[in-house]
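The values are calculated or read from the model by the stated rules, or taken from the named source; none is laboratory data. Bear in mind the structure is a predicted one, so any value in this text is a computation, not a measurement. Glycine also receives a Cβ, built like all others from the backbone with ideal geometry; neighbour counts cover every protein chain displayed. Just the protein is used for accessible areas: all its heavy atoms, side chains included, with ligands, DNA and RNA removed. Shrake-Rupley method; radii C 1.70, N 1.55, O 1.52, S 1.80 Å.
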Amino acid sequence: MEALTPQDPTTPVTLPGSSRSMIGPLATLLGAVAVGGYLYANDPSKGGLYLRCPLFAATGLWCPGCGLTRAAYKLVHGDLVGSLGTNLVLPVAVVLLTSLLWDWWRASRGSARRLLAAVPVGGWISLVGAFVVFGVLRNFSAFAVLAP
């Protein structure tokens, strides 16, 4: 019979599915709700505590994410068409962020099944390529409809 050795008392014990392991996903969800509340109350086109795009500030060029804050503002106010007119990447960003949070939540509950792990590498490469093409095209006057 093997003797049991005591565990270091400074190391927290986190079992799969324990409430302690779900603190991260829950805190992130609460943070997202708080950011959504701030976004609902403060129009980014009129100022506020919003970050500026470093690429646009340095070069004057729009990146694929330029306009996402204004698009999210329109979305939380129920203007789906207006939000898509500001940035077409918004639905993809929402799906990716929601999937990341869902995977994190499931992992904290002990599930090995992940949504994003089912996406093949070629799918991720295609997505990144589409973002790059979108970011380049929106800076040409012929594609002004893609500009924020």
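Taking the range 68-104, which residues are of a type in the set (Phe, Trp, Tyr) and open to solvent by 80 Å² or more (accessible area, probe 1.4 Å)?
Of everything in the range 68-104, those that are of a type in the set (Phe, Trp, Tyr) and open to solvent by 80 Å² or more (accessible area, probe 1.4 Å) turn out to be TRP102, TRP104.
Taking into account only those residues within the range 38-47 that are open to solvent by 40 Å² or more (accessible area, probe 1.4 Å) and part of a helix (DSSP H, G or I), which is farthest from ALA72 (Cα to Cα)?
That would be LYS46.
Looking at (1) more than 18 Å from LEU101 (Cβ to Cβ); (2) open to solvent by 70 Å² or more (accessible area, probe 1.4 Å); (3) modelled with pLDDT of 90 or more, which one does VAL33 not meet, given that it meets all the others?
For VAL33, the failing item is (1).
Among residues belonging to the range 105-127 that are exposed (fewer than 11 other Cβ atoms within 10 Å of the Cβ) and of a type in the set (Val, Ile, Thr), point out the one that is nearest to GLY65 (Cα to Cα).
Ranking the qualifying residues of the range 105-127, first place goes to ILE125.
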